[in-house]
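Heads up: the structure comes next, in structure tokens.
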Number of protein chains: 4
Amino acid sequence: MSETYIEAPEIVASSWLNSERPLTLSELRGKVVLLHAFQMLCPGCLLQGTPQAAAAAECFADEPFQAIGLHTVFEHHSVMNPDALKVFAREFRLAFPIAVDQPAENSAVPVTMQKLGLQGTPSLVLIDKRGLIRFSRFGQVSDMQLGGMIGQLLAE
Amino acid sequence: MSETYIEAPEIVASSWLNSERPLTLSELRGKVVLLHAFQMLCPGCLLQGTPQAAAAAECFADEPFQAIGLHTVFEHHSVMNPDALKVFAREFRLAFPIAVDQPAENSAVPVTMQKLGLQGTPSLVLIDKRGLIRFSRFGQVSDMQLGGMIGQLLAE
Amino acid sequence: MSETYIEAPEIVASSWLNSERPLTLSELRGKVVLLHAFQMLCPGCLLQGTPQAAAAAECFADEPFQAIGLHTVFEHHSVMNPDALKVFAREFRLAFPIAVDQPAENSAVPVTMQKLGLQGTPSLVLIDKRGLIRFSRFGQVSDMQLGGMIGQLLAE
Amino acid sequence: MSETYIEAPEIVASSWLNSERPLTLSELRGKVVLLHAFQMLCPGCLLQGTPQAAAAAECFADEPFQAIGLHTVFEHHSVMNPDALKVFAREFRLAFPIAVDQPAENSAVPVTMQKLGLQGTPSLVLIDKRGLIRFSRFGQVSDMQLGGMIGQLLAE
């Protein structure tokens, strides 16, 4: 792949779940990062994207790989608040770190979601070991394709 | 079936979704009623019980049949509130009537859930055309078995 | 239902699996009969219809109900022969009785399949306790709908 | 990975499907090869392994990748013969090349299956661009894990 990739912007989070301290992409250099942008009540997230992110976290647990959830609430903010997310994550036994995307001051779309230019949820962003965005997709990706991309990035 | 069945207690709801006015079991005499007790963030509800109730509503739309959701919140009350339920129902395109079970004064378990003696969510209650409880089950039931029971009650 | 139904024609089989002796519809009066017409290498049978017939046999095991497979080979006869069917039934652990539809003399379509007027495989035929055909469908039926129809016929 | 891998033994086939001429592993140097050993009437093959091999063939169609089916009949030989396989492949719309493993003279287990030391069906063998066996597994592998392994081998 000879394209020129941009560096992933840093995650801006108002809080974190399943992580004792905030994670930064810069400290994750050397690891492949899967960023799963979701809203807890979005059906495509809940039924497909979020279980897939959890499966990736488990499948590549022994590799230099980090799955991170990014709760990018851009609608129904009062309902999908951090307390609700905490219950959701516990009930669905999500174990990977989840960042609550920082609400923006003048927009319903939160800060990191804006910086990543995501169109909706679920969105999947793959960041290589150097911190470059190698894949960004709104919607579904098959497990086979996702595994294939992660495998290729792990081997770089 | 020669057993003696008890009459289903009336639904006590603080509000309703997908229904212009409150439904009562007494006005539903002559119809088979499926009562699906759920909590919006309970995985067994969201992934199995609630879609099954929706499928039953559609499958038996031309029969004297009524599916009713009963949102029996007994934990995380502040998160699974009526506003959250409204968003959930819209996002998951639930079209059948849903009663918000009336919170109890001295218990985390809401009123109708107590009266029905349900053990948790999801629970499924089948009420025959005379208003008698013919089946009550905590947990999963296959579509085939549920269809079979509804069919038998419809034929009475 | 006030329609006039025709009586199901008798099964004409060259051999049987999973039954010590040939079954006849006339001796099954008083039972609801599900006839699952299939070919062992038809994907819609193998992936949906046949497992569904097996599930019905199990679900209604305590009821006056009989599931019967009807191996209606109308193409690739040399490949889907009775020996192959035997291996198939054992490998897929089919336990319900299966009739091998009698090959016809002047047609690729076997005898019972012709008499039932079936258009292809899988086809589902429901026969009531009096021996009347109440439902005949080429293609898929949901478990919920099938359960509902069986339940209604059982209650007659 | 610093282990020493053995070279994959050449495929010995009595015939091929979906390929105008026999394929050899030696001519596939430079490509990652997925070898899917199966029997057409083995449920774990038919329901999981074979569709997975087909999905891999499609997912990695633009990569230096080749999926090959290996019909390793070690039981019920007369039923799962090449004619039956041909019908099966057509009915299930399998498009990737399939080798019929050469029957052995003194064993029910065919030649290539013996050389690969496979324990049963389905078995999955991954061969890297140099022709070395990098993974061999009897039973199921998730799509995510398989994708990950293929991706890593493609990147070498």
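The values are calculated or read from the model by the stated rules, or taken from the named source; none is laboratory data. All values derive from a computational prediction rather than experimental measurement. As a convention, Cβ positions derive from the backbone with ideal geometry for all residues, glycine included, and neighbour counts pool all protein chains shown. Please note that ligands, DNA and RNA were not included when accessible areas were found on the heavy atoms of the full protein model with its side chains. Shrake-Rupley method; radii C 1.70, N 1.55, O 1.52, S 1.80 Å.
Hey, what do the phi angles of the stretch B:100-114 turn into as Karplus ³J(HN,Hα) couplings, whole Hz, using 6.51/-1.76/1.60 and θ = phi - 60°, x for Gly and Pro?
8, 4, 5, x, 8, 6, 10, 8, 6, 7, x, 4, 5, 4, 5
Have a look at A:34, A:146, A:70 and tell me which one the Gaussian network model of chain A (Cα, springs below 10 Å) gives the largest fluctuation.
So, out of A:34, A:146, A:70, the one fluctuating most is A:146.
Give, in whole angstrom and from largest to smallest, the semi-axes √(5λ) of the equivalent ellipsoid of chain D, with λ running over the eigenvalues of the Cα gyration tensor. Please list the in-between numbers first.
Details: eigenvalues 106, 59, 44 Å².
The answer is 23, 17, 15 Å, longest axis first.
Counting only Cα atoms, I'd like the Rg/Rh figure for the protein assembly as shown, Kirkwood definition for Rh. Walk me through the numbers on the way to the answer.
Values: Rg = 28.7 Å, Rh = 28.0 Å.
When Rh is taken as the Kirkwood radius, the ratio is 1.02.
What list of ³J(HN,Hα) couplings, whole Hz, do you get for the stretch B:15-31 from phi and the Karplus terms 6.51, -1.76, 1.60, once you set θ to phi - 60° and write x for glycine and proline?
Values, residue by residue: 6, 10, 10, 6, 8, 5, 9, x, 9, 10, 5, 5, 6, 9, 3, x, 10 Hz.
Roughly to the nearest percent, how much of the accessible area of chain C is carbon and sulfur, given a 1.4 Å probe?
Details: 3330 of 6870 Å².
The value for chain C is 48 percent carbon and sulfur by accessible area.
If each label sits 7 angstrom from Cα along the C-beta direction, how far apart, in nm, is residue D:138 from its counterparts in the other copies?
Result for residue D:138, in nm, nearest copy first: 4.3, 4.4, 4.9.
Under the definition of Cα pairs under 8 Å and six or more residues apart, what whole-number percent is the relative contact order of the stretch D:77-156? Please report the intermediate quantities before stating the final value.
Working: 51 pairs, mean separation 13.2, N = 80.
Worked out over the stretch D:77-156, it gives 16 percent.
Using a 1.4 Å probe on the heavy atoms of the protein chains only, list every residue of the stretch C:125-156 that has 50 Å² or more less accessible area in the complete assembly than in its chain alone.
Going by heavy-atom accessible area, the residues of the stretch C:125-156 that drop by at least 50 Å² are C:144, C:152.
Could you tell me whether the stretch A:115-156 comes out rounded, prolate or oblate from its Cα gyration tensor? Rule is a ≥ b ≥ c as square roots of the eigenvalues, rounded for a/c under 1.5, then prolate if a/b exceeds b/c, otherwise oblate. Walk me through the intermediate numbers first.
Working: a/c = 4.19, a/b = 1.27, b/c = 3.30.
In terms of gyration-tensor shape, oblate.
Give me the accessible area buried between chains B and C, both sides summed, with a 1.4 Å probe, in Å² rounded to the nearest 100.
Details: alone 8160 and 8150 Å², together 15160 Å².
Approximately 1100 Å² gets buried when B meets C.
Which distances, in nm and shortest first, link the residue A:95 label point to the same label point in every other copy, taking 7 Å along Cα→Cβ?
Taking the point 7 Å beyond Cα along Cα→Cβ, the inter-copy spacings are 3.5, 3.8, 4.0 nm.
Any cysteines in the protein assembly as shown with zero other Cys Cβ atoms under 4.7 Å from their Cβ? List them, or say none.
A:59, B:59, C:59, D:59
Rounded, prolate or oblate, given the Cα gyration tensor of the stretch D:1-65, with a/c below 1.5 counting as rounded? List each step's numbers first, then the result.
Numbers: a/c = 1.42, a/b = 1.28, b/c = 1.12.
Taking the square roots of the gyration eigenvalues as a ≥ b ≥ c, the stretch D:1-65 is rounded.
Scan around residue C:134 for amide H atoms under 5 Å from its own, H built in the peptide plane at 1.01 Å from N, and keep only partners 5 or more places away or cross-chain.
HN-HN under 5 Å from residue C:134: C:126, C:127, C:128.
Mind listing the long-range amide H neighbours of residue B:12? Cut-off is under 5 Å, sequence gap 5 or more, other chains count too, H placed in the peptide plane at 1.01 Å from N.
B:102, B:112
Give me the distance in nm between label points sitting 7 Å out from Cα along the Cα-to-Cβ direction at residue D:10 and residue A:119, one decimal.
Output for this residue pair reads 5.0 nm.
Give me a comma-separated list of calculated 3J(HN,Hα) values for the stretch C:120-137, in order, Karplus coefficients 6.51, -1.76, 1.60 applied at θ = phi - 60°, integers in Hz, x for any Gly or Pro.
Working through the residues one at a time gives x, 10, x, 10, 10, 10, 10, 10, 7, 5, 8, x, 8, 6, 9, 7, 9, 9 Hz.
Which residues of the stretch D:61-102 show a drop of at least 30 Å² in accessible area when all protein chains are present, compared with their chain alone (probe radius 1.4 Å, heavy atoms only, ligands and nucleic acids excluded)?
Hits at the 30 Å² cut-off: D:76, D:79, D:87, D:91, D:92.
Mind listing the label-point distances from residue A:27 to the same position on all other copies, shortest first, one decimal in nm, points 7 Å along Cα→Cβ?
5.5, 5.9, 7.6
Counting only heavy atoms of the protein chains, get the accessible area per residue of chain C (1.4 Å probe) and round it to a whole Å² value.
Details: 6870 Å² over 156 residues.
It amounts to 44 Å² per residue over chain C.
So for the protein assembly as shown: antiparallel DSSP bridges make up what percent, rounded to the nearest 5?
Numbers: 60 of 100 bridges.
Bridges in the protein assembly as shown that DSSP calls antiparallel: roughly 60 percent.
Mean residue ellipticity at 222 nm from the helices of chain B, using -39,500 (n - 2.57) per DSSP H segment of n ≥ 4 over the full residue count, to the nearest 500 deg cm²/dmol? Can you show the working numbers first?
Values: 4 runs with 38 residues, N = 156.
Mean residue ellipticity, 222 nm, calculated: -7000 deg cm²/dmol.
Express as a percent, rounded to the nearest 5, the fraction of DSSP beta bridges in the stretch B:1-142 (both residues included) that run antiparallel. Working shown, then result.
Working: 15 of 25 bridges.
Roughly 60 percent of the DSSP beta bridges within the stretch B:1-142 come out antiparallel.
Would you mind calculating the relative contact order of chain D from Cα pairs under 8 angstrom and at least 6 residues apart, reporting the percent as a whole number?
Working: 274 pairs, mean separation 53.5, N = 156.
34 percent.
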